[in-house]
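Read the structure below first, then the notes.
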Amino acid sequence: MMLIVKIMQSEILSVFPTPGTGEYYIRLKRIFPEQGKYVIYAATGDEIQSGSIVKDGVLSFSIRDNPAGIYFIRLIFLDEIYTARIIHLPN
C-alpha cells in the first residue's frame with residue numbers, strides 16, 4: 001500500500017529557500033531505508049526535471065532556467081510519496 005502525503009513543510013522535509021531565484025535545497029529530516037527519486041513539475045503539470053535522492057542528507061537542484069512561477073517537487077520512496085511547493089521568482 002502506498003502512502004501519498006502532500007506537504008509544504010513538515011517533520012519529514014524542508015524546502016529552502018522558497019521563494020527563491022533558482023537554486024533550491026531539500027533537507028530530509030528522516031532516514032529512509034531505501035534510495036528514492038524526485039520529480040519536479042511546473043504548475044501546468046509538465047515534468048521539468050527528475051533524479052535520484054540518497055537515503056538521507058540534502059538534495060540540491062536548480063530551476064534557474066525556468067520561468068518564474070509555482071513548481072512542485074515530488075519525493076518518491078518505496079511506499080511513500082511527499083509533495084512540496086516551490087515558489088520560483090525571476091532572476
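Structural remarks
- Residue, farthest from Ile70 (Cα to Cα), within region 18-45, restricted to residues that are surrounded by fewer than 13 Cβ atoms within 10 Å (Cβ to Cβ) and at pLDDT 90 or above: Lys37
- If you go through region 66-81 and keep only what is touching a residue at least 40 places away in the same chain (Cβ under 8 Å) and exposed (fewer than 15 other Cβ atoms within 10 Å of the Cβ), you end up with Leu78, Asp79.
- Residues of region 46-64 classified as without any contact (Cβ under 8 Å) to a residue 24 or more places away in the chain and loosely packed, with under 13 Cβ neighbours inside 10 Å, total: 5
The values are calculated or read from the model by the stated rules, or taken from the named source; none is laboratory data. Note that the structure is predicted; figures quoted are calculated from it, not measured. FYI the Cβ positions are ideal-geometry reconstructions off the backbone, even for glycines, and counts take in every protein chain you see.
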